[in-house]
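Okay, so here's the structure we're looking at.
The values are calculated or read from the model by the stated rules, or taken from the named source; none is laboratory data. Every value quoted in this text rests on a predicted model; they were computed, and no experiment measured them. Heads up, the Cβs are rebuilt from the backbone with ideal geometry, glycines too, and the neighbour counts pull from every protein chain shown. Surface accessibility is based on the protein's heavy atoms, side chains included, excluding ligands, DNA and RNA. Shrake-Rupley method; radii C 1.70, N 1.55, O 1.52, S 1.80 Å.
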Amino acid sequence: MEEISGGEVAARMLKQEAVDRVFGIIDGTYFGFYSSLRKSNITLISPRHETSAAHMAGAYARLTGKLGVCMASNGPGVANILPGLVVEEAEGNRVLCITSCRRTGISNPDRGGSYQYFDQSAVIARFAKWSAAVPSFERIPEMMRMALRKCFEGRPGVVHLDIPENIMNKKVKAQVALLAPHRYRTIAPLSPAPELVEEAARLLLASSAPIIHAGSGVLHAGACDELEAIAECLQAPVTTSWAARGALREDSPLAMPMIHVKLNHIVRNDADLVLTLGSRLGETDWWGKAPYWRRASEQKMIQVDIDASILGANKPVDIAVQADIGVFLRQLKQRLMALEPGGRRSDGGARLRKYARFRQRYRQKLDRALLDKRSPMHPAQAPAICGATLPEDTIFVADGGNTAVWANFYHEMRRPGSLLSTFKFGMLGAGVAQALGAASAFPDRNVCCIIGDGAMGFHPQEIETAVRNQLRVIFVVLCDKQWGMVKMNQQFTLKPWKTLLFKSLSPEETINADLGEIAFDRLAESMGAHGERVSHPDELEPALRRCMDARRCAVIHVDVDPVKHMWAPGLIHFKEMHLEPKG
């Protein structure tokens, strides 16, 4: 028997799960929890806003494959973390959120007039994988185990456990038995049925034009090497969902990067068989429908996913496999090598050469923008120069509307799993904390966040968080002083012909689309970070090198041409994507 608080029980159980850091802001309502983290050798990293804690935990989980843990205090703290949790659930990141709530007796349900109270577990349950409130000290171990089981089963997402402040903080005499994870949840990745692996291998070898479509499940499973091996074995082109960009290095001749939108349509229509890995074939994948994909009646599909509920949900399948992507691909490779001499298909060369020529022509068209050396800078220059200057293992974060588009179209992914964004939710400002989570996960790697001034304006205070926690992030803020993507839509809605003719309208002709200036370099310096301001392409590389040499958080304010910034590549496809395909 020992005297122990409910919060310390939770902290010890996290330690059993090899959790080494928690992200969140301190508050007296869960002192029993966060004060116990240090005893368990768990580091507490505190941002300036709770929603940033959720994004830091999500980025940490996505990059490391570990459990990301965040915390928030009852009432306002939980209200603040809600946006971050919504995003991390949408992105499918493995996040456990532990919150305090008001004491038992006045909450769950509200007695009427309780201070700083709302039904936190019920609200979060509406979008999370699982959410519950602990009713008593005795049930903490049981409900923590349930929460941890939910974290590691099925598709990753947000799991939430709400613990009343009196249960969290009060010490009681108890005997707490801690169980090793394997005693209350599965720890081995889910294996596929052998007969389905065999059937998939034979179908793939019999096809004339197979392709692989990789979703973010490949990244969550840490299966990028296995993906490349199977693609090589099949000589199959690889397309990806937006969220899986970089699952295969983009200098591979088999990679069909998502920025080549028209080429992706061609590849998916040429294919007679698709091996879909960890993708829901959702809206950003055009639902897997014609005319962007070949009709299901003409195209077979093998779909592999950890979540059985998504198998065949948006496009009919011929073989549905519930399994961990990495385990499936390793077993598939063994069967392919057994069935095919040399373990590699010999055909497909002509098809790949056709796709390579398409890629080259489009890349040359895009790169004409890099010939523009005027000031203020063409926005294409920033990601191109960052990619060429920073080390290959740099983790890149893309945030903003048009800024995220420019960042994706002008940065080639050569290191799998080194890109963060909110591809499924498009949340402005999340990239600030994602970058901090990345730096926390890999303190010895460079982290570069290319972000718009609108998005940076959501959470600039987290620069101080980076400085305080010695997180080395370089924020490259593209400043055009407008809500560029929305402004472009407004202009075409209000005065389409004038927009086409003059490329832009005056501020008086649009609705609240223009912003004032924030000098982000000076703002950064006021918080102890390194600051730079550039407006010409020739100034950016030396500024980046000075930022790396500074060995601390740095911010580069980049003045970009506001008109050119609005005309980002591929926006017509983004508009079409929101329309239901006809096929």
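Please indicate, with yes or no, whether at least one residue in the range 307-318 is touching a helix residue (DSSP H, G or I) at 6+ places or on another chain (Cβ under 8 Å), among the aliphatic types (A, V, I, L, M) and either part of a strand (DSSP E or B) or crowded, with 17+ Cβ neighbours inside 10 Å (or both). No, the range 307-318 has no match at all.
Reported count of residues in the range 471-511, each being among the charged types (D, E, K, R), more than 29 Å from Asp549 (Cβ to Cβ) and in contact (Cβ under 8 Å) with a residue 60 or more places away in the chain, is 3.
All conditions in (1) over 22 Å from His573 (Cβ atoms); (2) surrounded by fewer than 24 Cβ atoms within 10 Å (Cβ to Cβ); (3) out of contact with any Lys or Arg (no Cβ under 8 Å at 6 or more places or on another chain) hold for Thr389, with the sole exception of (3). Can you spot a residue in the range 141-156 that is more than 25 Å from Arg94 (Cα to Cα), open to solvent by 20 Å² or more (accessible area, probe 1.4 Å) and not in a strand (DSSP E or B)? Looking through the range 141-156, none of the residues is more than 25 Å from Arg94 (Cα to Cα), open to solvent by 20 Å² or more (accessible area, probe 1.4 Å) and not in a strand (DSSP E or B).
Based on this model, can you work out whether Pro383 counts as modelled with pLDDT of 95 or more, farther than 19 Å from Asn80 by Cβ and either out of contact with any helix residue (DSSP H, G or I) (no Cβ under 6 Å at 6 or more places or on another chain) or open to solvent by 10 Å² or more (accessible area, probe 1.4 Å) (or both)? Outline the logic, then answer.
On the way: modelled with pLDDT of 95 or more: yes; farther than 19 Å from Asn80 by Cβ: yes; either out of contact with any helix residue (DSSP H, G or I) (no Cβ under 6 Å at 6 or more places or on another chain) or open to solvent by 10 Å² or more (accessible area, probe 1.4 Å) (or both): no.
No, not satisfied.
Restricting to helices (runs of 4 or more DSSP H) lying wholly in the range 412-480: which have 1 or more residues that are β-branched (Val, Ile, Thr) and crowded, with 24+ Cβ neighbours inside 10 Å? Break it down stepwise before answering.
Details: elements: 430-441, 453-456, 462-468.
Counting at least 1 such residues, we get 430-441, 462-468.
In this structure, His213 does not satisfy being free of Cβ contacts under 8 Å to residues at least 40 places away in the same chain and either assigned to a strand (DSSP E or B) or surrounded by fewer than 16 Cβ atoms within 10 Å (Cβ to Cβ) (or both). Taking every residue in the range 100-119 that is of a type in the set (Ser, Thr, Tyr) and pairing it with any residue that is assigned to a strand (DSSP E or B), at least 6 positions away or on another chain, the pairs with Cβ-Cβ distances below 7 Å are Ser100/Ile163; Thr104/Pro164; Ser107/Cys101; Ser107/Pro164; Ser114/Ser107; Tyr117/Ser107.
Here are some residues: Ala550, Ala568, Ala524. Which one is surrounded by 13 or more Cβ atoms within 10 Å (Cβ to Cβ) and within 17 Å of Pro376 (Cα to Cα)?
When all the criteria are applied, what remains is Ala568.
Taking strands (runs of 3 or more DSSP E) that fall entirely within the range 15-131, which contain at least 2 residues that are at pLDDT 95 or above, in contact with a strand residue (DSSP E or B) (Cβ under 7 Å, 6 or more places away or on another chain) and open to solvent by less than 40 Å² (accessible area, probe 1.4 Å)? It would help to see each step written out before you state the result.
Numbers: elements: 21-24, 43-45, 68-72, 95-101.
In the range 15-131, 21-24, 68-72, 95-101 are the strands (runs of 3 or more DSSP E) which contain 2 or more residues that are at pLDDT 95 or above, in contact with a strand residue (DSSP E or B) (Cβ under 7 Å, 6 or more places away or on another chain) and open to solvent by less than 40 Å² (accessible area, probe 1.4 Å).
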